[in-house]
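Down below is the structure, laid out as structure tokens.
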Amino acid sequence: MKARYKVLLILISFILGNIYAQAQEEEVITLNQAIDLAIENNPAITISDANFDISKAGVKNAKSAYYPQISSRIIVPFIGRESGFFLDQLIYDFGRTSSRVKSTKAIMKAREFDKDSTKNDIILSTIIGYYTVLSERHIATALEKKVIESERRLEQAEGFYKSGRIPQTEVTKAEVNLGNAKLEHIAARNNLAVAKVNLQTTMGIEDATFGYELEDSSDLSVVSYQLEESIIQALGSRAELKSLEAQKVAMRANLKASKREFYPEVFGRTAYRFEGKGAETPGFIAGVGVKFPIFEGFSRFAQVEDSKANLRRTKAELRSTRAAIVSQIKHLYLDLEFSKENIIVTKRTKESAEQSLLLARERYNLARASSVELAEAEALFAISKAKYLQSIYNYNINVARLERATGEIDEPQEQ
């Protein structure tokens with residue numbers, strides 16, 4: 001009786017496991033949903049948000065110099081030592097603090113543009129990963145048809161060999177072809193698995209048991225771009241350029257602040273002293289002071305040189321990035337034109353293979369063609385179709401890359 005219960009429990013567990021697995025496999029994710037998941041979960045988004053918050057705190061820290069600085073000093077025993085509450089207020093420092101505030105604000109603006117750049121990169125990575133999975137899936141399916149064809153050819157070769165119509169070497173060739181076809185299919189399945197893992201990582205999903213399928217969208221919407229207009233659009237819209245421009249403003253402000261370190265600082269001080277030299281009885285004191293920097297081990301000279309070098313580097317990065325963007329758009333424009341031509345060629349090949357398949361099926365139904373001929377036509381059509389769909393996916397990827405390069409890519413709108 002106990003053995004029956006064990007068998008029943010095992011059977012129930014097996015059924016529930018299959019149901020769970022099917023439920024996992026049946027989850028279909030659209031491209032827009034994948035992008036939403038990536039924006040919500042990818043840690044790179046969290047890092048860019050944190051960097052922005054850090055720069056925001058830097059602005060508050062720089063502004064703190066405008067406010068009174070209150071401190072206390074209580075020393076026991078009091079004899080001969082100054083103890084009390086002290087308040088210092090900056091009056092004038094020849095623009096040193098205002099330059100630092102301007103620098104931190106510019107850095108915060110740069111980090112805001114960096115956030116946009118990171119989000120655009122995540123969107124592009126998701127689009128590439130999504131279409132890569134679809135492409136690899138069709139390739140794996142086509143190569144599975146190729147394995148079936150090779151199996152049929154091996155069966156045919158073995159039959160011919162047994163009847164003495166072909167030598168053993170032909171059977172060996174068929175076996176080798178089958179082995180190669182299986183290896184290609186195994187590699188394609190592995191590429192598909194890797195592509196799905198990469199997409200899952202981009203979407204920020206850490207659950208290793210998470211199973212999903214993608215909506216197979218092979219829609220083709222041909223768009224037209226003008227090269228010069230795309231370059232102008234990119235140079236005016238790219239978040240990376242805006243970030244570097246903001247950093248240049250920050251570096252200039254830093255340089256100004258570093259030079260102001262050589263100037264004196266005017267401040268006011270108010271104190272309530274308990275004990276100490278000149279304070280025989282508790283009381284308030286107040287006054288205005290001037291602090292003159294004399295020598296600090298050449299640290300101020302080093303700050304000026306550091307600020308100048310950072311400014312030169314930022315200007316050079318800005319010029320380099322502009323040149324790289326122009327070059328990138330030119331390459332992407334050529335890739336897009338190539339993708340269009342590739343779609344035309346692969347579409348014709350697919351249509352020819354489809355006609356051959358229809359003819360082979362008709363001949364097979366009329367007993368005028370063998371199963372090998374039918375399997376060959378099916379494999380040829382599957383491969384041609386996979387290449388055609390791959391050309392569409394590549395075109396969509398190139399469109400997304402060009403949109404990213406021109407600064408026009410954005411997260412999907414709710415429908």
>> Can you pull out every residue in the stretch 179-213 that is assigned to a loop (DSSP other than H, G, I, E, B), among the small types (Gly, Ala, Ser) and touching a helix residue (DSSP H, G or I) at 6+ places or on another chain (Cβ under 6 Å)?
In response: GLY204, GLY211
>> Checking the conditions here, which among LEU244, LEU214, LEU154 is of a type in the set (A, V, I, L, M), under 22 Å from ALA379 (Cα atoms) and in contact with a Leu (Cβ under 7 Å, 6 or more places away or on another chain)?
In response: LEU154
> With (1) touching a residue at least 60 places away in the same chain (Cβ under 8 Å); (2) of a type in the set (D, E, K, R); (3) outside any loop (DSSP other than H, G, I, E, B) as the list, and ASP216 as the residue in question, which single condition is left unmet?
Replying inline: (3)
> Is the stretch 322-339 home to any residue that is closer than 30 Å to PRO68 by Cα and aliphatic (A, V, I, L, M)?
Replying inline: no
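So which of ALA375, ALA360, ALA353 is within 26 Å of GLU215 (Cβ to Cβ) and either part of a helix (DSSP H, G or I) or in contact (Cβ under 8 Å) with a residue 40 or more places away in the chain (or both)?
ALA353
Yes/no per residue for (1) aliphatic (A, V, I, L, M); (2) over 30 Å from ALA234 (Cα atoms); (3) touching a residue at least 60 places away in the same chain (Cβ under 8 Å); (4) outside any helix (DSSP H, G or I):
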site	(1), (2), (3), (4)
SER103	no, no, yes, no
MET108	yes, no, no, no
LYS119	no, no, yes, no
ILE127	yes, no, yes, no
TYR131	no, no, yes, no
LEU134	yes, no, yes, no
LYS146	no, yes, yes, no
ALA157	yes, yes, no, no
ASN177	no, yes, no, no
> Of all residues in the stretch 24-65, how many are in a helix (DSSP H, G or I), at pLDDT below 90 and within 20 Å of ALA208 (Cα to Cα)?
Replying inline: 2
>> Kindly evaluate ARG361 against the criterion of being touching an Asp or Glu at 6+ places or on another chain (Cβ under 9 Å), surrounded by fewer than 17 Cβ atoms within 10 Å (Cβ to Cβ) and closer than 20 Å to LYS146 by Cα.
In response: yes
>> I'm checking my understanding of the structure. Among residues of the stretch 143-184 that are within 40 Å of the chain's Cα centre (by Cα) and of a type in the set (Lys, Arg), which one is surrounded by the most Cβ atoms within 10 Å (Cβ to Cβ)?
In response: LYS146
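The values are calculated or read from the model by the stated rules, or taken from the named source; none is laboratory data. Every value quoted in this text rests on a predicted model; they were computed, and no experiment measured them. In this analysis, Cβ positions are derived from the backbone assuming ideal geometry, glycine residues included, and neighbour counts consider all displayed protein chains.
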